[in-house]
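Take a look at the structure below.
We did not get these values from a lab; they are worked out from the coordinates using the rules stated. Just so we're clear, the structure is a prediction, and the values are computed from it rather than from any experiment. Reconstructed Cβ throughout: ideal geometry from the backbone, glycine too, with neighbour counts over all protein chains shown.
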Amino acid sequence: MNLLEVTNVSKRFGGLTANEDVTFSVEAGQIVGLIGPNGAGKTTLFNCVAGFYPPSSGAIVLDGRDIAGLAPEACARAGVARTFQIARTFTSMTACENVMTAAMLSEHKVSAARTSAMQWLAFANLERFADKPAGSMTISEQRRLAVARALAINPRILLMDEVMAGLNPSEVKEAVDVVLKIRQRGIACLVVEHVLEGIMPIADKIVVLDRGCKIVEGTPQQVSSDPVVIHAYLGDA
Amino acid sequence: MKVLAFFCLCLLAALALPAFVDASHLNLAILVLMAAQLGVAWNIVGGYAGQVSLGHAAFYGLGAYTSTLLLVKFGVNPWFGTLAGGVVAATLSLAFGWSCFRLKGHYFAMATIAVAELVQIFFTEWEWGGAAVGLTAPVTNAGWAWMTFSTKLPYYWLALGLLLVTLAVNFWIERSWLGYYFRAIKDEPDAARSIGVNIARYKQIALSVSAFFTALGGSLYAQKELYIDPNSVLSTALSIKMALVSILGGAGTLFGPVIGSVVLTSIEEFTRILYGGTGRGIDTIIYASLIIAVAVFYPSGIVGWWHGLRRRWASRKAAAADAVRAHSAAAAPQAPAGEPS
């Protein structure tokens, strides 16, 4: 059974249609890439799944439960974690405290949250920053911290919004390693990404959006040779 | 550890203070303690949770009016009245939060001013509640049983006790999940929601706890003065002072508001003593200038400035130690590094 099923989701802002009848699914433990040119509606769709926008119509079902229109905090409880384009770490806290705050979703006890937070920091290769202020870390470190924080709520699926944008090649590799490690844990990943060389080699499936609609869905090989996709990215050649 | 030692020292000084000062200075000390308590209470929602309220006088007034009305009209003991005032303020903070938390940042602050003004107008017009004339509490039952005294000293102990209780609650909040959630809401509300924090609920919790303790401060004021009117317990200036004490001292820190209150109340009272008699408002001009100076040069408050200074000392000390090490290494290459020359 599919973990996440997005069925005929449309999102309109007044007269503007950002998403039209988008349907796709994510299986448990899969890495699914959501790609498309600028303005294709990737982030809007992403925000609908994470609860930040209520979809205008359509269903979003996680593990048999319709989560469309739930508030972000309710989506988080249901098992959807997310990161943002900018890391949005809690800058008045240390790295460990950032992750602890998320770990408190399952248990309010501070000592238990610390234990769990340290494990997630180690997972993201950030233990050495545990007691450093989050604001003093580099962009790439803060992005990984945001991933560790999102994972600390013990989600079924993690939505990542452009985790690789603006990173240098070695940082992209680090980010890719983290995504692969997440899959090993059985957590599905839905990755919105511009950096195609980062996502193409690791994705189990790619969903391509253009002008709000899904134009193609398939394996990375199928997608990258598809004339419709090439047309959407490059226009008439 | 150092903070704990400093706190114990301050507490000892506060306990010993009444033995050394006269009545007028004791009154100043009471004002400092009361302003500190209000700042600490404000800090819960304004500092930790980052929701800058400029309408807290509403809760202060609700506390003062609840206990005084219960006492004057129904003969209810002020100890109970004080508690009732806290409960009334915390309950009405639900309506306050319901209306104001729809807005963010500056708009939230403006809405809180408006709601507090409404409360002030209500009490100014409310005949049964004393209207603009205010309420005078009876002095017949003096003593601890009725929280009414003819001397200042008992009010000093009450103010100190209330401050300590409020500090203890903040201390607990700061270390519990509430403190983490409040700071998360302040730093990045969207990220807080994405990890399951119901930010509407937690902002309201912060506001209600803050309102409760602000109201206790209001009731204490009413018992100390035995007279209240809308201007003395519901004015916007009062709301601003609660915020200022906390922000100048260091918003979102445990002892910031206490330090802020010592500085601010002293400046306020001394400029009044020195220049207040001229009738030209020089005291308020100096008071305002000092506030602006602190705000411009130490935007993170006195506590933030102190932490910055300590960091600079630490890095200078480390640099000096490095220099000594380099020097001794150059002078005696065989000597182990780090040995004092």
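Output the 0 to 90 degree angle, nearest 10, between the alpha-carbon long axis of helix B:57-74 and the longest principal axis computed from the alpha carbons of chain B.
40 degrees
Pop a pseudo-label 7 angstrom from the Cα along the beta-carbon direction at both B:Phe20 and B:Asn141 and give the gap in nm to one decimal.
3.8 nm
Based on the Cβ-Cβ distance of A:Thr138 and B:Lys104, what FRET efficiency does E = 1/(1 + (r/R0)^6) give at R0 = 41 Å, to the nearest 0.05? Could the numbers behind the result be given before it?
Values: r = 29 Å, r/R0 = 0.71.
Once rounded, the FRET efficiency stands at 0.90.
Over the protein assembly as shown, what is the percentage of antiparallel beta bridges among all DSSP beta bridges, to the nearest 5? The partial results should precede the final answer.
Numbers: 24 of 40 bridges.
So the antiparallel bridges amount to about 60 percent of the total.
Report, to the nearest 10°, how far helix A:110-123 tilts away from the longest principal axis of the Cα atoms in chain A, using its own Cα long axis and a range of 0 to 90°.
Roughly 60 degrees between the two axes.
Size of the dipole of the protein assembly as shown about the Cα centre, Lys and Arg at +1 and Asp and Glu at -1 on the beta carbon, nothing else charged, in debye to 20?
About 1000 debye.
Any aspartates and glutamates with Cα under 17 Å of the B:Lys317 Cα? List them, leaving off those in the same chain fewer than 8 positions away.
Partners found: B:Glu339.
What is the mean number of Cβ atoms from other protein chains located within 10 Å of the Cβ atom of each residue in peptide B:179-189, rounded to a whole number?
Details: counts 3, 12, 3, 0, 7, 9, 1, 2, 10, 10, 1.
Mean number of neighbouring Cβ atoms from other chains: 5.
Could you tell me the center-to-center distance, by alpha carbons, between the range A:127-185 and the range B:209-240 in angstrom?
48 Å
Students often forget the sequence filter, so: which aspartates and glutamates lie under 20 Å Cα-Cα from B:Lys2 once same-chain residues fewer than 8 apart are removed?
Excluding near neighbours in sequence, the set is A:Asp131, B:Glu174.
Of B:Pro154, A:Thr44, A:Gly218, which is farthest on the positive side of the dipole of the protein assembly as shown, counting Cα position, with +1 on Lys and Arg Cβ, -1 on Asp and Glu Cβ, and the Cα centre as origin?
Among B:Pro154, A:Thr44, A:Gly218, the one farthest towards the positive end of the dipole of the protein assembly as shown is B:Pro154.
Mind scanning A:Lys11/A:Lys173; A:Lys109/B:Lys241; A:Lys11/A:Lys205; A:Lys109/B:Lys186; B:Lys203/B:Lys241 and naming the pairs with a C-alpha gap bigger than 28 Å?
Details: A:Lys11/A:Lys173 34 Å; A:Lys109/B:Lys241 35 Å; A:Lys11/A:Lys205 23 Å; A:Lys109/B:Lys186 21 Å; B:Lys203/B:Lys241 21 Å.
Where the Cα-Cα span goes over 28 Å, the pairs concerned are A:Lys11/A:Lys173; A:Lys109/B:Lys241.
Lysines near B:Lys152 by alpha-carbon distance under 16 Å, same-chain residues fewer than 8 away left out - which ones?
B:Lys224
Please report the net charge: other residues with Cβ closer than 12 Å to the Cβ of A:Thr138, K and R +1, D and E -1. Write out the running numbers ahead of the final one.
Working: positive: A:Lys132, A:Arg143, A:Arg144; negative: A:Glu141, A:Glu171, A:Glu174.
Neighbour charge sum, excluding A:Thr138 itself: 0.
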